[in-house]
Amino acid sequence: MSSVSEVQIRRARSEDYDAIVAFGDVYFGRDYLQSLYQKAVNDPDIYPLVAEVKGQVVGFYMNHYLDGGLSVIKRAARVHPSFRKMGIMHKLRQALDEHVVTLRPGLQYLYLSASNDNVSDVKKEYMPQGYEEILRKHFICLDFCTKDLSVSDVTDHVSSVTTLGYDDIKSLFTLDDVLDKFFDSRIIFNNFVGYRCLESNIKHFVDENKEVCVTIASSTKPPGVTTPFSMRDIDVVSFSEWFKSEVGVVYIVDIYTSQASSDQSIRAHLWRHVDFLKKLNFGDKGIFDVSYGPNVSEEKVRSYLKQVGISELSNLPLNMEVLLERKL
């Protein structure tokens, strides 16, 4: 058995991909790294590290700098099964922290995220260091088969959903009254990552595998008209992203509502994403993952999805995501 003294830490390279994938499944089949690794190692806002033992890559961890350099979150931690309990993750974490201190002096916030299966351990380790919980969201994961998706009768509902572009989101971020309704903390918490409502983060919402959608309140929408619309009339906002993983396609929807949001809008967003998923033709099966706030019930989400062919809960022990913050 190798000792921790034999562990070497270096920056990850494109050619490390095969070795890291060989670690096997992590995050219960919802792992995004396999699909997005090459993009991550070439992103100037990501600092990825690997651990090596006698030339073999045995660990990976990365810092992701957000909010225009104001914040950083650690992501995608993993160690090869044969090299766990050797202190490898501790060494990777130390190296990432040293990079923060020496090369990113403008940082104001450190972030960590956790799920219901590890949040107690994460809090026990990090709250004494000054971290505190700032956001918590529930989510559900459902299995789907693309051939079973039934979207032929939802066209009218889907047409009420508008996809936002860069300039639309930039405009949205200037409207405090709208942000108060949907993002009162001014942080958008999508798929275990927190983003402040800043223009520098828009690139993380509008990408080749990501979208932002809105509906407007039905009382303000003229019959048959979906655009143009006033940002102040937004009823529901949803963010989506999709990637391939060990279990097939993972399609993630983060829904944001206010107390006044209508069930009609919530249903339209869910159906629109299922319709889009079917049109993607991205794979035969996968996981449809929906996060939601206190104004949306799991029962409603499952009912609306059942109507378009998604009804079976995934056999995953995950149902909550938590964001912790440390102010510097």
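Screening region 34-56 for residues that are open to solvent by 10 Å² or more (accessible area, probe 1.4 Å) and in contact (Cβ under 8 Å) with a residue 40 or more places away in the chain and picking the one that is farthest from S115 (Cα to Cα) gives K54.
Can you tell me which residue in region 101-131 is surrounded by the most Cβ atoms within 10 Å (Cβ to Cβ), limited to those that are of a type in the set (V, I, T) and either under 14 Å from R75 (Cα atoms) or free of Cβ contacts under 8 Å to residues at least 12 places away in the same chain (or both)?
V122
Those strands (runs of 3 or more DSSP E) of region 1-85 in which 1 or more residues are closer than 30 Å to K170 by Cβ occupy 46-53, 56-66, 71-79. Each residue in region 138-154 was checked for being open to solvent by less than 20 Å² (accessible area, probe 1.4 Å), part of a strand (DSSP E or B) and not β-branched (V, I, T), and 4 pass.
I need the full set of residues from region 155-182 which are assigned to a loop (DSSP other than H, G, I, E, B) and over 20 Å from D289 (Cα atoms), in order please.
Of region 155-182, the ones assigned to a loop (DSSP other than H, G, I, E, B) are 159-161, 164-165, 173-175.
Within region 155-182, S159, S160, L164, G165, F173, T174, L175 qualify.
In the list I134, I73, which residue meets the criterion of being at pLDDT 95 or above and open to solvent by less than 40 Å² (accessible area, probe 1.4 Å)? Full working, then the answer.
Numbers: I134 fails: open to solvent by less than 40 Å² (accessible area, probe 1.4 Å).
Residue meeting the stated conditions: I73.
Candidates are the residues of region 8-30 that are among the charged types (D, E, K, R) and at pLDDT 90 or above; the one that is farthest from E208 (Cα to Cα) is R10.
Of all the residues in region 244-279, those that are assigned to a strand (DSSP E or B), in contact with an Asp or Glu (Cβ under 6 Å, 6 or more places away or on another chain) and surrounded by fewer than 23 Cβ atoms within 10 Å (Cβ to Cβ) number 1.
G24 falls short on exactly one of the conditions (1) touching a residue at least 40 places away in the same chain (Cβ under 8 Å); (2) at negative phi; (3) out of contact with any Asp or Glu (no Cβ under 6 Å at 6 or more places or on another chain); (4) not basic (K, R), and that condition is (2).
Somewhere in region 302-323, is a residue in contact (Cβ under 8 Å) with a residue 12 or more places away in the chain, surrounded by fewer than 19 Cβ atoms within 10 Å (Cβ to Cβ) and assigned to a helix (DSSP H, G or I)? Yes: one or more hits.
Is it fair to say Y61 is among the hydroxyl-bearing types (S, T, Y) and out of contact with any Phe, Trp or Tyr (no Cβ under 9 Å at 6 or more places or on another chain)? Before you say what the answer is, go through the steps one by one.
Details: among the hydroxyl-bearing types (S, T, Y): yes; out of contact with any Phe, Trp or Tyr (no Cβ under 9 Å at 6 or more places or on another chain): yes.
So Y61 passes the test.
Among the residues of region 150-169, is any touching a strand residue (DSSP E or B) at 6+ places or on another chain (Cβ under 7 Å) and either without any contact (Cβ under 8 Å) to a residue 12 or more places away in the chain or acidic (D, E) (or both)? Step through it out loud before you land on a result.
From region 150-169, those touching a strand residue (DSSP E or B) at 6+ places or on another chain (Cβ under 7 Å) are 160-164, 169; that's our starting set.
Adding the requirement that they be either without any contact (Cβ under 8 Å) to a residue 12 or more places away in the chain or acidic (D, E) (or both) leaves none.
No, every residue in region 150-169 fails to be touching a strand residue (DSSP E or B) at 6+ places or on another chain (Cβ under 7 Å) and either without any contact (Cβ under 8 Å) to a residue 12 or more places away in the chain or acidic (D, E) (or both).
Evaluated against (1) without any contact (Cβ under 8 Å) to a residue 24 or more places away in the chain; (2) buried (at least 20 other Cβ atoms within 10 Å of the Cβ); (3) of a type in the set (V, I, T), V7 falls short on exactly one condition, (1). Within the bounds of region 312-328, is there any residue that is in contact with a helix residue (DSSP H, G or I) (Cβ under 9 Å, 6 or more places away or on another chain), farther than 23 Å from Q34 by Cα and polar (S, T, N, Q)? Checking region 312-328: not a single residue is in contact with a helix residue (DSSP H, G or I) (Cβ under 9 Å, 6 or more places away or on another chain), farther than 23 Å from Q34 by Cα and polar (S, T, N, Q).
The values are calculated or read from the model by the stated rules, or taken from the named source; none is laboratory data. These figures come from a predicted structure and were not determined experimentally. Here Cβ is always computed from backbone atoms with ideal geometry, including for glycine, and neighbour counts include all displayed protein chains. Note: accessible area is taken over every heavy atom of the protein model, side chains too, but ligands, DNA and RNA are not part of it. Shrake-Rupley method; radii C 1.70, N 1.55, O 1.52, S 1.80 Å.
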